[in-house]
Amino acid sequence: MSAYTRMNKIGRGSYGDVFKVTRNSDGKVLVIKEVSLLGVSKEEENEILNETEIIKKLDHRHIVSCVESFVENDVLHIVMEYASGGDLAAVIKRNSAAGKYITEEQFWSYLIQITLGLQHMHSRRVLHRDVKASNVFLDQNGDIKIGDLGLGKVLSSKTTCAISQVGTPIYFSPEICEGKPYDTKSDVWALGCLLFELVTCKPPFQAANQPQLLKKIVNDPPEAHVPSHYSREIPFIIGKLLDKDPRKRPSPDSILNYSAVQIRIERAR
Ligand code: ADP
Ligand code: MG
């Protein structure tokens, strides 16, 4: 008998369905992501399980924690913490529909919390690989929980799924567009895109097709401007995160050291 009872399906991810469940032992509400391993060799399965082990070791207040993972009937089950406050995609959609903007302080608070989560991942040599508004959740207190971690690489190459595109092309970094390997700075670029979208309600680069999109990402400045009612520090920091040159793009450590960020960290203490 399973240790969990399914409540309802809350989403369909790129790799499989996501269910809200309760843990039978204590009634705790959790989430299970199911990934089909049909057609995956034992060796590849082990590689995927290794990756989930690494993710399980992450322990940070701004990262959705992974409770356990197991394989049952050729389906990988990833049991994780439930983030009940929705995701940042919903925040953007709501604001956009109402013609509203997040506040200056909300922006800095999200920036700091997501950066802290990324800093933890990167310090454990885990790349997120798919930072985007719909993968950044809010908990019941409105605090950030980054979800959907790091499995991008193993899953995309190992599982036969309908949508095997890893990462969202609109958040592809210039180096990825040029076929270079994904690294920590590519996560930082994606964070820049997400923050840009939070204050403009639009991704920085959009195009009718992928080749045009990649060309814009590599060559052009972002299409929209950060609204002028925000402090100049917001377009400044987003500009740094969206530096085309990954070497000039700040690491999470450097982001947290900017004076505009330091001031807010101090204030929150
Ligand atoms: P995608 O591949 O599109 O990113 P996911 O597999 O991450 O999809 O998740 C599918 C949906 O399930 C998401 O849109 C989200 O609403 C929900 N979801 C995923 N993980 C969680 C979680 N830990 N807490 C709450 N909802 C979640
Ligand atoms: Mg996701």
Residue list for segment 248-269, filter: under 18 Å from residue 122 (Cβ atoms), without any contact (Cβ under 8 Å) to a residue 12 or more places away in the chain and touching a helix residue (DSSP H, G or I) at 6+ places or on another chain (Cβ under 9 Å):
248, 254
Looking only at segment 145-184, filter to residues that are among the aliphatic types (A, V, I, L, M) and modelled with pLDDT of 85 or more; which one of those is farthest from residue 206 (Cα to Cα)?
146
By my count, strands (runs of 3 or more DSSP E) wholly in segment 2-60 with at least 3 residues that are without any contact (Cβ under 8 Å) to a residue 12 or more places away in the chain and within 18 Å of residue 147 (Cα to Cα) are 4-12
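Kindly evaluate residue 137 against the criterion of being in a loop (DSSP other than H, G, I, E, B), of a type in the set (A, V, I, L, M, F, W, C), modelled with pLDDT of 95 or more and buried (at least 16 other Cβ atoms within 10 Å of the Cβ).
On the way: in a loop (DSSP other than H, G, I, E, B): no; of a type in the set (A, V, I, L, M, F, W, C): yes; modelled with pLDDT of 95 or more: yes; buried (at least 16 other Cβ atoms within 10 Å of the Cβ): yes.
Against the criterion (in a loop (DSSP other than H, G, I, E, B), of a type in the set (A, V, I, L, M, F, W, C), modelled with pLDDT of 95 or more and buried (at least 16 other Cβ atoms within 10 Å of the Cβ)), residue 137 does not qualify.
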Being without any contact (Cβ under 8 Å) to a residue 40 or more places away in the chain and in contact with an Asp or Glu (Cβ under 7 Å, 6 or more places away or on another chain) is the filter here, so list the residues in segment 210-247 that pass it.
none
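Hey, any hits in segment 194-202 for a residue that's at pLDDT 90 or above, of a type outside the set (D, E, K, R) and within 16 Å of ligand 2 (Cβ to nearest atom)? Give the steps one after another, and end with the answer.
Restricting attention to segment 194-202, the residues satisfying the condition of being at pLDDT 90 or above are 194-202.
Applying the additional criterion that residues be of a type outside the set (D, E, K, R) yields 194-196, 198-201.
From the residues that got through so far, the ones that are within 16 Å of ligand 2 (Cβ to nearest atom) too are 194.
For segment 194-202, residues at pLDDT 90 or above, of a type outside the set (D, E, K, R) and within 16 Å of ligand 2 (Cβ to nearest atom): present.
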Note on segment 1-14: residues of a type outside the set (A, V, I, L, M, F, W, C), under 23 Å from residue 139 (Cβ atoms) and either modelled with pLDDT of 95 or more or loosely packed, with under 15 Cβ neighbours inside 10 Å (or both) are 4, 5, 6, 8, 9, 11, 12
Of all residues in segment 63-76, which are touching a Lys or Arg at 6+ places or on another chain (Cβ under 6 Å) and assigned to a loop (DSSP other than H, G, I, E, B)?
64
Criterion first (out of contact with any strand residue (DSSP E or B) (no Cβ under 7 Å at 6 or more places or on another chain) and more than 16 Å from ligand 1 (Cβ to nearest atom)) does residue 98 satisfy it?
yes
Filter segment 4-53 down to the residues that are of a type in the set (A, V, I, L, M, F, W, C), over 13 Å from residue 78 (Cα atoms) and away from ligand 2 (no atom under 16 Å from the Cβ) and list them by number.
7, 29, 38, 40
Any idea how many residues of segment 15-67 are surrounded by 15 or more Cβ atoms within 10 Å (Cβ to Cβ) and on the phi > 0 side of the Ramachandran plot?
1
All conditions in (1) more than 14 Å from ligand 1 (Cβ to nearest atom); (2) over 27 Å from residue 201 (Cβ atoms); (3) charged (D, E, K, R) are true of residue 34 except (1)
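Does at least one position in segment 72-85 carry a residue that is in contact with a helix residue (DSSP H, G or I) (Cβ under 8 Å, 6 or more places away or on another chain), of a type in the set (Gly, Ala, Ser) and without any contact (Cβ under 8 Å) to a residue 60 or more places away in the chain? Explain how you work it out, then say what you get.
First, the residues of segment 72-85 that are in contact with a helix residue (DSSP H, G or I) (Cβ under 8 Å, 6 or more places away or on another chain): 76, 78.
Then keep just the ones that are of a type in the set (Gly, Ala, Ser); that gives none.
No, segment 72-85 has no match at all.
The values are calculated or read from the model by the stated rules, or taken from the named source; none is laboratory data. Predicted model only: the values in this text are computed from it and were never measured. Methodologically, a virtual Cβ is constructed for each residue, glycine included, from the backbone with ideal geometry; neighbour enumeration extends over all protein chains shown.
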